[in-house]
Amino acid sequence: MSIIKINEVHKMYKLGKTEVSALRGINLEIKKSEFMGIIGPSGSGKTTLLNIVGCIDIPTSGKVFIDNIETTNMSDDQLTQLRRLHLGFIFQSFNLIPVLSAFENVELPLITIGKNKSEREKIVIEMLNKVGIEEFKNHKPDELSGGQRQRVAIARALVTNPAIVLADEPTANLDTNTGNKIIEIMKHMNETLHTTFIISTHDPRLLSFIDRKIFLEDGKIVKEETK
Ligand SMILES: Nc1ncnc2c1ncn2[C@@H]1O[C@H](COP(=O)(O)OP(=O)(O)OP(=O)(O)O)[C@@H](O)[C@H]1O
Ligand SMILES: [Mg+2]
């Protein structure tokens, strides 16, 4: 059974009088515990597709199903619940909250799902430790380097153990060692918790772990490769 199903999805953006077709008829099925990659040149629609799968954006036409439930029909409240409980995002732009420390940024998703303070403390420290930034836990995002911010964003996405993780270029700003560590964490989660990963990446190290690749060009899937 597929955990994600995308039927004939189109996405059109209007910019003044011009229209941009970011996605043009995407059909895709993703099974639970796949570790899959979305590959394509800049502007091909990778981020748009991740945002639509993650219910952050809605398609102009077409349908999206998560666990066989059509998300394109859900209310805003239902979508918020779905995102909180089942989805983790690693954004290309990190989207950290500037007034919160690294610790607090990672803690936030645990507050929204109702974990108590002592549980949160333990889980957050463990997660910060895993991504190697525990010593920067009191730093705010603008007091961190790009790679450190990226690791906070990764910790925040994984801290609730979501069923599906959507990652937009998760290793792009990381040095080789840190990148390898992050790949290991993701792969380990995939193997032990059967977390489904959908990752947009150009990183050859990360690509070598990917089981299935779909190639996007101009908003269309032009090729697919399975290991
Ligand atoms: N909010 C928006 N308004 C208008 N056009 C947009 C918007 N977001 C994306 N686009 C356009 O949609 C197309 C796909 O963009 P998208 O961000 O999905 O590409 P991408 O494959 O993620 O690129 P990159 O590798 O540079 O991150 C591009 O032509 C982009 O200019
Ligand atoms: Mg992008």
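Being surrounded by 13 or more Cβ atoms within 10 Å (Cβ to Cβ) and either polar (S, T, N, Q) or touching a His at 6+ places or on another chain (Cβ under 7 Å) (or both) is the filter here, so list the residues in region 188-227 that pass it.
If the condition is that a residue be surrounded by 13 or more Cβ atoms within 10 Å (Cβ to Cβ) and either polar (S, T, N, Q) or touching a His at 6+ places or on another chain (Cβ under 7 Å) (or both), then N190, T195, T196, S200, T201 are the ones that fit.
Only one of A157, A153 is over 18 Å from H188 (Cβ atoms), within 13 Å of the chain's Cα centre (by Cα) and small (G, A, S). Can you tell me which? Outline the logic, then answer.
Values: A157 fails: over 18 Å from H188 (Cβ atoms).
One residue alone meets the criteria, A153.
For the subset of region 36-58 comprising residues that are over 17 Å from the mean Cα position of the chain (by Cα) and surrounded by fewer than 21 Cβ atoms within 10 Å (Cβ to Cβ), which member is farthest from ligand 2 (Cβ to nearest atom)?
P41
Restricting attention to region 6-18, which residues are more than 16 Å from ligand 2 (Cβ to nearest atom) and either part of a strand (DSSP E or B) or small (G, A, S) (or both)?
Let us first name the residues in region 6-18 that are more than 16 Å from ligand 2 (Cβ to nearest atom), namely 6-10, 12, 14-18.
Result: I6, N7, E8, V9, H10, M12, K14, L15, G16, T18.
Considering only strands (runs of 3 or more DSSP E) fully contained in region 134-227, which possess at least 1 residues that are among the polar types (S, T, N, Q) and either at pLDDT 95 or above or under 29 Å from M1 (Cα atoms) (or both)? Quick ask: steps written out before the conclusion?
Numbers: elements: 164-168, 196-200, 212-217, 220-226.
The qualifying strands (runs of 3 or more DSSP E) are 196-200, 220-226.
Could you figure out which of (1) among the basic types (K, R); (2) touching a residue at least 12 places away in the same chain (Cβ under 8 Å); (3) within 11 Å of ligand 1 (Cβ to nearest atom) isn't true of K14?
That leaves (2) as the condition not met.
Looking at the structure I just gave you, is L158 under 25 Å from R83 (Cα atoms), buried (at least 19 other Cβ atoms within 10 Å of the Cβ), within 16 Å of ligand 2 (Cβ to nearest atom) and not small (G, A, S)?
no
When the residues of region 59-95 are filtered to those that are in contact (Cβ under 8 Å) with a residue 60 or more places away in the chain and within 13 Å of the chain's Cα centre (by Cα), which remaining residue is surrounded by the most Cβ atoms within 10 Å (Cβ to Cβ)?
Taking region 59-95 first, the residues in contact (Cβ under 8 Å) with a residue 60 or more places away in the chain are 64-68, 84-92.
Okay, now just the ones that are also within 13 Å of the chain's Cα centre (by Cα), so 84, 86-92.
Values: R84: 14, H86: 17, L87: 21, G88: 23, F89: 20, I90: 26, F91: 21, Q92: 16.
The residue in question is I90.
Residue by residue through region 39-74, note down the ones that are farther than 22 Å from Q92 by Cα and among the small types (G, A, S).
Matches in region 39-74: S61, G62.
Considering only residues that are within 11 Å of ligand 1 (Cβ to nearest atom), of a type outside the set (A, V, I, L, M, F, W, C) and free of Cβ contacts under 8 Å to residues at least 60 places away in the same chain, which ones fall in region 17-42?
Kept after step one, since they are within 11 Å of ligand 1 (Cβ to nearest atom), are these residues of region 17-42: 18-24, 38-42.
Filter once more, keeping what is of a type outside the set (A, V, I, L, M, F, W, C): 18-19, 21, 24, 40-42.
Once the filter is applied, which keeps residues that are within 11 Å of ligand 1 (Cβ to nearest atom), of a type outside the set (A, V, I, L, M, F, W, C) and free of Cβ contacts under 8 Å to residues at least 60 places away in the same chain, region 17-42 yields T18, E19, S42.
Being closer than 27 Å to G45 by Cα and surrounded by fewer than 19 Cβ atoms within 10 Å (Cβ to Cβ) narrows it down to one residue among N129, N173; which is it? Write out each step before concluding.
Details: N129 fails: closer than 27 Å to G45 by Cα.
The unique qualifying residue is N173.
I need the full set of residues from region 19-35 which are loosely packed, with under 14 Cβ neighbours inside 10 Å and either among the acidic types (D, E) or more than 14 Å from ligand 2 (Cβ to nearest atom) (or both), in order please. Please lay out each step first, then the result.
Restricting attention to region 19-35, the residues satisfying the condition of being loosely packed, with under 14 Cβ neighbours inside 10 Å are 19-20, 27, 29, 31.
Hits for region 19-35 are E19, N27, E29, K31.
Can you give me the number of residues within region 145-188 that are free of Cβ contacts under 8 Å to residues at least 60 places away in the same chain and among the small types (G, A, S)?
Count: 5.
Of the residues that make up region 202-219, is at least one under 13 Å from the mean Cα position of the chain (by Cα) and of a type outside the set (F, W, Y)? Please lay out each step first, then the result.
The initial filter retains those residues of region 202-219 that are under 13 Å from the mean Cα position of the chain (by Cα), namely none.
No: zero hits.
Filter region 124-133 for residues that are β-branched (V, I, T) and not in a helix (DSSP H, G or I) and give the result.
At the first step, the residues of region 124-133 found to be β-branched (V, I, T) are 124-125, 131, 133.
Matches in region 124-133: V131, I133.
The values are calculated or read from the model by the stated rules, or taken from the named source; none is laboratory data. Just so we're clear, the structure is a prediction, and the values are computed from it rather than from any experiment. Note: ideal-geometry Cβ built from the backbone for every residue, glycine included; neighbour counts use all protein chains shown.
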